[in-house]
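The numbers here are math on the coordinates, done by the rules we state, and not lab data. Treat the numbers as computed from the prediction; the structure is a model and nothing was measured. Cβ atoms come from the backbone with ideal geometry, glycine included; neighbour counts cover every protein chain shown.
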Amino acid sequence: MTDKSISVVIPALNEWKVIQYAVSRVFEAFKKYNLQWECIIMDSSTDWWITKAEAEKLWARVISIPKQWLGKAYIDSLEHIKWDYIIMWDADWTYDFMEMDRFIKKMDEWYDFVMGTRLKWNIHPWAMPWKNRYIWTPFLTFFINLFFKAKISDCNSWLRALTMKAFKQIKLESWWWEYASEMVVKAKLCNLKLCEVPVSLLADREWRTPHLPAYKAWWDNLKYIFLLASEFIFIKLWWIISILWLFILFTQIFGPIEIYWITFWTYYLFLWILLWNIGFSIFQMWVLTQNFSYLSEFRTTKISKFVKEKFNFEMWIISWITFLFVWFIIDFYVLFSWLFTWIIDVFSFKIWLYSLFFIITWLQFIYFSFIFYLFNKNK
């Protein structure tokens, strides 16, 4: 077993009925594995210090904090942790702390963050509602795996371990239940080495009332996953729309093209312009998110870095002038063709639509360049 010292962090809110069992289990586990440890109770109880007294009887270090949410308790714990390895456990005693050796072995193998998975091990009867087991947890885990390639099975397990370095690196900020998803997502964004180990899940004690509102926790986690995945979603949508945009442009440059029973006539250029506008707007949001949101601390791409470093305000002005000039030349050509012939043929109409593309892009460049320059200057 490891030569590292272990810090166990347990948030508590009016857990006087069960806290003694939880801390006793911690003591038994470390005595069994002969490890140096500390147990920190982040206590926000309003039960007249009964929880605090029960925990201190068993040599736990109790930090009294204002009543607040679970994620905030973990954030506040960072300044009180002494040792190299951190194990996050729950005061409700629904996880078997004797299984903590699995986490330590993985961290000794240079894993930065080790998750417990309840879905691949021993879930006791009545320990996990069927909706959480078969709907909510798999649903949230699916999106984390889709957007961030976490390759986990249970994103909501509250028994987890990580190194002090990893805890500082993920910069946990969620006060509420969504801290569970935030930790996993940011671990991937920071390229931390992540794995899972199986853990048992026990039923709540009969005398204990759970604090977790299941639907709210599920919704808060889902919102946060999509927030952190926003730049990923932007760039994927941009690629899809760009492919459609280029396909329509290709069909019109070489004349109307018939594919099976569909003929792509000139009026498809209106769809081309619409797709360009949507795609360019998404691209703008992606670049702004990559460079100026707090996500820039975790992941940026070469494209967004290039835009930030190479496109100063003078470059944007050159882009304005270029697109405005092209629009003027094309419209000038169409206008003179119409004055001489008094006829707008299909070719002239197509050229006019191209000019519409350039004038719309010119306007978008003006808008985007001002916003980008102001954000960049402020940063």
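The length gained on full extension between residue 49 and residue 246, counted as 0.36 nm times the residue separation minus their Cα-Cα distance, comes to 64.2 nm. With contacts taken as Cα pairs under 8 Å at a separation of at least 6 residues, the chain carries a relative contact order of 14 percent. Placing a pseudo-label 7 Å from each Cα along the Cα-to-Cβ vector at residue 68 and residue 81 gives an inter-label distance of 1.6 nm. Assuming a viscosity of 0.890 mPa s and a temperature of 25 °C, what translational diffusion coefficient in µm² per second does Stokes-Einstein assign to the stretch 1-42, Rh being the Kirkwood radius over Cα pairs? After rounding, the answer is 222 µm²/s.
Bridges between two residues of the chain, per DSSP, are antiparallel at a rate of about 35%. Backbone geometry of the stretch 6-16 corresponds, through the Karplus equation with coefficients 6.51, -1.76 and 1.60 at θ = phi - 60°, to 3J(HN,Hα) couplings of 10, 10, 9, 10, 10, x, 9, 9, 6, 10, 4 Hz, x marking Gly and Pro. Among the listed pairs 223/305; 165/216; 17/131; 165/186; 193/216; 149/302, a Cα-Cα separation exceeding 25 Å is found for 223/305; 165/216; 17/131; 193/216. For the stretch 29-36, putting each phi into the Karplus relation 6.51 cos²θ - 1.76 cosθ + 1.60 with θ = phi - 60° gives couplings of 5, 6, 5, 5, 8, 6, 10, 7 Hz, in residue order, rounded to whole numbers and with x for Gly and Pro.
Given the alpha-carbon gyration tensor of the chain, what are the semi-axes of its equivalent ellipsoid in whole angstrom, ordered largest first, with each equal to the square root of 5 times an eigenvalue?
On the way: eigenvalues 673, 94, 59 Å².
Over the Cα atoms of the chain, the ellipsoid semi-axes are 58, 22, 17 Å.
For residue 39, nonlocal amide neighbours, meaning residues 5 or more places apart or on other chains whose placed amide H falls under 5 Å from its own, are 8, 61. Rounded to a whole number of µm²/s, how large is the Stokes-Einstein D of the stretch 53-198 at 25 °C and 0.890 mPa s, given Rh as the Kirkwood radius over C-alpha pairs? Stokes-Einstein gives a translational diffusion coefficient of 152 µm²/s. For the chain, modelled as a GNM whose springs connect Cα atoms under 10 angstrom apart, the maximal fluctuation among 298, 30, 332 occurs at 332.
Share of antiparallel DSSP beta bridges in the stretch 107-204, in percent to the nearest 5? Mind dumping the intermediate values first?
Working: 3 of 9 bridges.
Counting DSSP beta bridges with both partners in the stretch 107-204, the antiparallel share is about 35 percent.
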